[in-house]
Amino acid sequence: MQPDLLANPAPTAARYDELLAEPGTPRAHWARFHAELQGTTGTALADRIELVERAIRDSGVTYNVYADPQGLDRPWDLDVLPLILPADEWDGIAAGIMQRAELLNSVLADLYGAARLLHEGQLPPGLILGHSGFLRAACGTRPPGGIFLHSYAADLARSPDGRWWVLADRTQAPSGAGYALENRLLVARLFPELFRELHVARISQHFNTLRESLLHYAPAGDGQPLAVVLTPGPYNETYFEHGFLARYMGFPLVEGGDLVVRDGCLWLKTIEGLQRVHTVLRRQDDSFCDPLELRADSALGVPGLMECARRGTVLVANALGSGVLESGALLGYLPALCQRLRGEELRLPSIATWWCGEPAAQASALARIDELVFKPTDPVRGFEPVFGPELSRTERAAFAEQVRADPGRYVAQELVRVSPAPTLTPRRPDVLGTRPIGLRVFAVATPQGYQGMPGGLTRVAAEADPYVVSMQRGGSAKDTWVLSRPAAATVAAPLPATPRITATPQVRRQVIIASRVVENLFWYGRYAERCDQLARLLRIGLNAAIDSEATEAAVARVAAAMGLPIDREQPALAWSDAATQDTDAFGLPSQLRQLNQVAFSLRERMSLDNWQAVNRLVQDPVLGRRVSLTETLLWIDRAVSALMSLSGFALDGMTRDSGWRFLSIGRRLERLSTSATWLMLALDKPGESLGWLLELADSSVTYRARYTSQPAWPSVLELLLYDEENPRALMFQLRGIRDYLRKTAHLLNADYAAPWSTLIDETEALALAPGLSSALAPQLRKLHQYACQFSDTLTQDVFNHLNSSAQALVAR
Amino acid sequence: MSASVRYRVVHVTEYQYSEAIASARHLAHLSPRTTPWQRVAHHRLAIDPNPVEYAEDFDYFGNPIVRFAMGAAHQRLVVVAESELSVQPRAAEWSSRLDWSQARPASANATLEVQQFTLASPCVPLLPEATAFARESLRPGRPVIEGLLHLSRRIQQSFIYDPQATSVSASVDDLLRSGRGVCQDFTHFMLSGLRGLGLAACYMSGYVAPLGEAGANQGAGASHAWVAVFVPGCGWVGCDPTNGKLADDEFITLAWGRDFGDVTPLRGVILARGPQQLRVSVQVERLLPGREA
C-alpha cells in the first residue's frame, strides 16, 4: 500500500496548506521529503510508527494530564512526519522572537523598576496592578545582567495568507523545548538519510547555550556556580521534561523542600551538608515559589527565595514576577510598546487581541463576538475559553452581559484558521491525514542577545478542534525541521553567530545529590531487591504447584511471611495471580509499581537503558491479564532477568558516591531481613528438603559445585549464612552494610556501624557451635528484627527532616 | 490644631509547637508606620528565643517590616511588639461635601498609588452582593463622608461581631453566608463594596483604643482592621465597619495594603509535622498628655 500524499484534501484559500502549494504539487521545501515518502511502502511506514511508539513507551516520555482517566502518565503522542520549514522562513521567525524576547524583557525591567509605562499610560495600570502575576514583592529587583527572561517561548499559528502570528507569549517557565529535543531524537532516527541530506538544523545547541548562560549569569560565588532545576514534583504535567532537562544539562533536579535559605543565600540540602545554589531554573509558577512572601498556601516553594532574588544572591530563571506577561491582554499593546521602547516595528505580530478592561476595546470586541475567542486575563480568575462562533444567539447575548459586568476579566482574540500539515498517526498508519498545527518556538538569553532554537515543538490539534491546538486537550506533537542553507550561505545568514560565552573554568566538581534523592536511592535499593526476591519466590512456588506438593507448601509459608497468603485450594492459580494480578499489595505487579514510582523520581540520575529496563517491567502485556501457566512462567523469567539487569546497572553503571552506598545499604538490608526469615522458616521443619531454600537464594549452582551430597543443614548454613564470599549469604550483607556505613560515617551524626560489628561477631561465634545450635533461630530473628529497625532508624535520624512539611503560620 | 492622643501598645504573639522546630522564617508587620498624623516615639520588637537572622526593611507599600529567622531548635516563639506613639485627630479635615461619585479616582485623575486600591485583590474579590450593599449607602448625589459613615454603620448593624466565628483565612463569602465575623471580615466586605463602586479603598491594620468617645470599642483586645478611602481634598479617610464610625484618633496604624494578605501582622513558615497553638494578646493604653507629645 503506497500512501498518496497528494490525495490530501485539495488546499483551499481558506487555509494555508503546509505541504501543498497547489493541488498535486508539494511546496519546494517539502519536495525531497515527499518524494521519499512516495517511495516508501505503507508497511515500512507502519514499522516506523511502531518503532517510535515503542521507543516512547520504553523511555517513558510522558505528559501528565491532571484527572486523566487513563492514569497519571499519558504517553507522549508523536506524529512521525516532521513539520518542515525553509531557511528563509525560519530566519524571519527567529528574528521575530529575538526581538520579542528583548522587548518583553524591557517591559519587565520597566514594570519592576520605574514603571514608566504605567505612569505614561502605555499600559493600563488596572491591567498590571490588578493582575495576580504582578508580584509587588519583586518590585525593585534587578536580576543579574538585567535579564528577567532567560528562556522564552511563543505560540505561533499560520494564517491563510501564509503569515505567522503570535497567539501567546510564554514567559514564566516555558515548557516544550525538552519535548522538542526528545521528538528530534526519535524522528531523526526514522529518517536518517533525509535528515542528513536536508541539512536539518541541530537544536541540541540550544540546551548547551541555556546551560552556559545560566551559569554565566550566576551571581559570583566561591568556585564553580551550582545550578538546579526546580520542579513541583512528579505530579506536574511536564515532570518528564524537568528530569530530561536536568539530566541533559547536568543540574540536580530538586523540589522546594530540598532547598533552604540561610543568611540571605540559597542552599541545597545534601547528605554532605548544605551546598550554596547560585542559579535556579524554575519549572513552577512564580507565585508558588515562596510561601513566606508570595502565596502562603504553597507547599512547593522555598521560604525566603524572593528575598534572595531581591538581594541578587541567586539567579532565578525566569525572574519571579515574569508571569504577568503571560496575560493575553498585553498582546494588543505590544506594537506601541515596541515603538516606545525600541523605536521599531514589531516584526512578529500578535494576533488581533483586545483587553475588554478598556471601554473602546470592549465595544469593538462585543460588536464581533461571533468571530472571536474570549480568554481569561488572569489565571486566578480563569475560565475555559469561550468561542464566539459556537454560541447561539441567546448565549451570545448572555455572554456579552457577563463581559459588561466584569470587563477586565476578559481578553478577546481573533480566531485564526490555522494551517493544516500532513500527519501519519498510529491509528491510521496507512492513510495520510491532515490536521491543523501550531508551532511553539523558543529563545534563550545570552550575553550576545537572544538566540532562537532553530526548530520547535509543533503541536497537532485533536481532530475535533479546528481552532485549539493544545496538548492538554489531547493533541499530539511533531518534530520541526528547519532546513539550513548550504554551508556557504549559512555564514552569510543574518543570524547572530553562536554566542561565545566567557568560558567558565572546567573544574571538575563533586556530584551533588539532594538528601531526598539519597533517601529515594535507599528505597530504590530496597524495592528492587524485594521485587527480585518476590519474583524468584513466585517462580519456585508456581513450578512446585505443578509438580512438588512438599516444596510448594514450604514456599507458601515463605510467601505468607512476606505478606502474600497463597490460597491452599487452588495453589497454581494463586501463585499465578500473585505474579500477574494487581489485587494484592504484596503481589508482584504492585511491588513493581512501587519500584517504578521511586525510579521515576530518580529518573535524572539514571541512564536511559536503566530507566527503560524499569519501565518495561510495569508495562508488560501480561500484567492484569489471566494467562496460561506457561506464559506466567515466561513473564516471571522476564521479570527476574530485568531485575538482574537493574542490579547490574547499580553495580556497573553508578559512581560509588554516598548515594550509591545508601542504595546498596537498602538492597542489603532487604536481602538480610528476608533471607533471615527464610532460614528461620526452614529451621522450623529441619527434616524437610532444603532444595527450595537454595533455589530461593539463587545458590543451587554454587551448592552443587561445592558439595556433592544432597542439601544438608551444615553445608547449607555454611553457604547461606556464614560465607562472606557468597553475595546471597547473610554474612555478606552484614559486612557490606557495616562497610558502607563506615564509608559514610562522616555524613552521619552517630556511629551506626558499631551495632553491625557486634551482630557480625555474634553470628560468627555461632559458626563454631556444632550441629544445629539452639541459638541459631534467636540470632536469625535478631538479624531480621535489627534490619527492619535499622531501616526505621535511618528514616528517622538521617532522612527524617525531609518528612516534615512546610507549614504556613498566620497570626493577626 | 487639636491635641494629639498618646498611646502605649503591647502586642504579644506566642506560638507553642507540638515539637521542637529546627528552623523557621518569619515576616512581621508589627512596627507602627510613621504617618502625617501618627508619630512613633518608641518601638521595640523583642523575639524569644533570639533569631539568627534579623533585618528591618520596608515593603512595597512603604510599611516597616521585620524579617527574621530562627536557627536553633525551639518549641515556643514569643514576639512582643511594644510601642509608644501619638495620634493627631483629623476628623475636622474630613468635612468634604464632595459627591461620592466624584471621589472615584477615575474622575479624579489620581496617581497610580491611589488607583491600585480600586482593584480586586487576593482577599477582596469584587462581589456583586457587596457592591449592591454599598450602593444602598452611597446613593446618587450623597456627600462621600456621609455615605461612608452610613455604610460603616450598616455593616456594623447587619453582621454579628464574633471572634469565634471565623479563621484568618475566612473569605468575604463566609461572612455573607454566616452573617458573623471579625474586623478583618467586615473590612474585606466593605472594601469589596467600595471598590466595586470604583472608589479607592485600602486595608488598614493596627489597633483600636478600648474606650472611645462613644463608649467601648469592639476589637480592642486583638489587632484591628479598618478601611481608608481616598477622598480628593481630604486624603485617606478612615472608616471602621466593626464599630460603625470614622476611624480617627482612637485608631493606631501599623500598616496598610490591599488586604489582610499584604499586611499580616506575623507570617511564618516552619517545617513541622504536628499542629501548633497560637495566642495573641493586645493591650492598648491611653497615656496622659505629656509634654513631649
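Points worth noting:
- Scanning the range B:9-59 for residues that are among the aromatic types (F, W, Y) and surrounded by 18 or more Cβ atoms within 10 Å (Cβ to Cβ), we see that the one that is nearest to B:G221 (Cα to Cα) is B:Y15.
- When residues of the range B:93-116 are limited to those that are at the interface with chain A (Cβ under 9 Å from one of its Cβ atoms) and assigned to a helix (DSSP H, G or I), the one surrounded by the most Cβ atoms within 10 Å (Cβ to Cβ): B:Q116
- Looking across the range B:117-143, just one residue is more than 16 Å from B:P241 (Cβ to Cβ), more than 14 Å from every other protein chain (Cβ to nearest Cβ) and outside any loop (DSSP other than H, G, I, E, B), and that is B:P143.
- Here A:T580 fulfils each of the conditions (1) of a type in the set (V, I, T); (2) within 32 Å of the chain's Cα centre (by Cα); (3) surrounded by fewer than 18 Cβ atoms within 10 Å (Cβ to Cβ) apart from (3).
- Any hit, the range B:181-194, residues being surrounded by fewer than 23 Cβ atoms within 10 Å (Cβ to Cβ) and either at pLDDT below 95 or polar (S, T, N, Q) (or both): no
- Condition met for A:E102 (acidic (D, E), farther than 30 Å from A:L294 by Cβ, touching a residue at least 60 places away in the same chain (Cβ under 8 Å) and in the same structural domain as A:S476 (by TED's automatic domain parsing)): no
- Selected residue (only one of A:L693, A:L646, A:L633, A:L681 is under 27 Å from A:R742 (Cβ atoms) and of a type in the set (A, V, I, L, M, F, W, C)): A:L646
- Test: residue in the range A:253-268 that is of a type in the set (K, R), within 30 Å of A:L741 (Cα to Cα) and free of Cβ contacts under 8 Å to residues at least 40 places away in the same chain: yes
- Residue that is farthest from the chain's Cα centre (by Cα) [pool: residues in the range B:166-191 that are within 12 Å of another protein chain (Cβ to nearest Cβ) and in a helix (DSSP H, G or I)]: B:D185
- Filter result for B:V79 (more than 13 Å from chain A (Cβ to nearest Cβ), modelled with pLDDT of 95 or more and assigned to a strand (DSSP E or B)): no
- Just one of the listed residues (A:Q733, A:Q796, A:Q710) is more than 14 Å from chain B (Cβ to nearest Cβ) and loosely packed, with under 13 Cβ neighbours inside 10 Å, namely A:Q710.
- The residues of the range A:502-546 that are at pLDDT below 85 and of a type outside the set (A, V, I, L, M, F, W, C), listed by number, are A:T502, A:T504, A:P505, A:Q506, A:R508, A:R509, A:Q510, A:S515.
- Where strands (runs of 3 or more DSSP E) sit wholly within the range A:212-302, those with at least 2 residues that are buried (at least 22 other Cβ atoms within 10 Å of the Cβ) occupy A:227-230, A:259-262, A:265-270, A:279-282.
- The listed residue being modelled with pLDDT of 90 or more and of a type outside the set (V, I, T), out of A:A705, A:A750, A:A676: A:A676
- Residue check for B:A72: within 14 Å of chain A (Cβ to nearest Cβ), without any contact (Cβ under 8 Å) to a residue 60 or more places away in the chain, part of a loop (DSSP other than H, G, I, E, B) and surrounded by fewer than 18 Cβ atoms within 10 Å (Cβ to Cβ): yes
- When the test is whether a residue is modelled with pLDDT of 85 or more and within 27 Å of A:L679 (Cα to Cα), A:A599 does not pass it.
To keep it simple, each residue is scored yes or no on (1) within 30 Å of B:A41 (Cβ to Cβ); (2) among the polar types (S, T, N, Q).
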residue: B:G71; (1), (2): no, no
residue: B:E93; (1), (2): yes, no
residue: B:A130; (1), (2): no, no
residue: B:L138; (1), (2): no, no
residue: B:S152; (1), (2): yes, yes
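- Residue in the range B:45-57 that is away from every other protein chain (no Cβ under 14 Å), out of contact with any Phe, Trp or Tyr (no Cβ under 6 Å at 6 or more places or on another chain) and free of Cβ contacts under 8 Å to residues at least 24 places away in the same chain present: yes
- Figure legend. Inter-residue proximity from the range A:379-404: first residues surrounded by 13 or more Cβ atoms within 10 Å (Cβ to Cβ), second residues outside any helix (DSSP H, G or I), beta-carbon distance below 6 Å, spacing 6+ or different chains. Indicated pairs: A:V380/A:S132; A:P385/A:V373; A:P385/A:K375; A:V386/A:F374; A:F387/A:V373; A:G388/A:L372; A:V403/A:C356; A:V403/A:Y410.
- Residue match in the range A:738-754 (condition: farther than 19 Å from A:A787 by Cβ and not in a helix (DSSP H, G or I)): yes
- Pairs, first closer than 15 Å to A:T677 by Cβ and without any contact (Cβ under 8 Å) to a residue 40 or more places away in the chain in the range A:543-572, second assigned to a loop (DSSP other than H, G, I, E, B) and not hydrophobic (A, V, I, L, M, F, W, C), C-beta under 8 Å, six or more apart: A:A556/A:R568; A:A559/A:P565; A:L564/A:D584; A:L564/A:G587
- Filtered residue count, the range A:112-126, keeping only those that are modelled with pLDDT under 95 and touching a Ser or Thr at 6+ places or on another chain (Cβ under 8 Å): 1
- Any hit, the range A:633-641, residues being among the hydrophobic types (A, V, I, L, M, F, W, C), closer than 24 Å to A:V511 by Cα and within 25 Å of the chain's Cα centre (by Cα): no
- The range A:645-685, residues that are under 20 Å from A:F790 (Cβ atoms) and of a type in the set (V, I, T): A:I665, A:T674, A:T677
- Checked against the criteria, B:V66 counts as under 30 Å from B:Q276 (Cα atoms) and either part of a strand (DSSP E or B) or not assigned by TED's automatic domain parsing to the domain that holds B:D249 (or both).
- For the range B:1-26, the set of residues classified as assigned to a loop (DSSP other than H, G, I, E, B) and under 15 Å from B:G71 (Cα atoms) consists of B:A22, B:S23, listed by residue number.
- Which numbered condition B:G212 fails, given (1) closer than 24 Å to B:S137 by Cα; (2) modelled with pLDDT under 90: (1)
- Only helices (runs of 4 or more DSSP H) whose full extent lies in the range A:87-169 are considered here, and the ones with at least 2 residues that are within 14 Å of chain B (Cβ to nearest Cβ) and more than 34 Å from the chain's Cα centre (by Cα) are A:116-119, A:125-129.
- Filter result (farther than 18 Å from A:A729 by Cα and outside any loop (DSSP other than H, G, I, E, B)) within the range A:755-774: A:P755
- Annotation: of all residues in the range A:303-313 being at the interface with chain B (Cβ under 8 Å from one of its Cβ atoms) and in a loop (DSSP other than H, G, I, E, B), the one that is surrounded by the most Cβ atoms within 10 Å (Cβ to Cβ) is A:P303.
The values are calculated or read from the model by the stated rules, or taken from the named source; none is laboratory data. Predicted, not measured: the structure shown is a model, and the values here were computed from it. All Cβ positions, glycine included, derive from the backbone under ideal geometry; neighbour counts span all protein chains shown.
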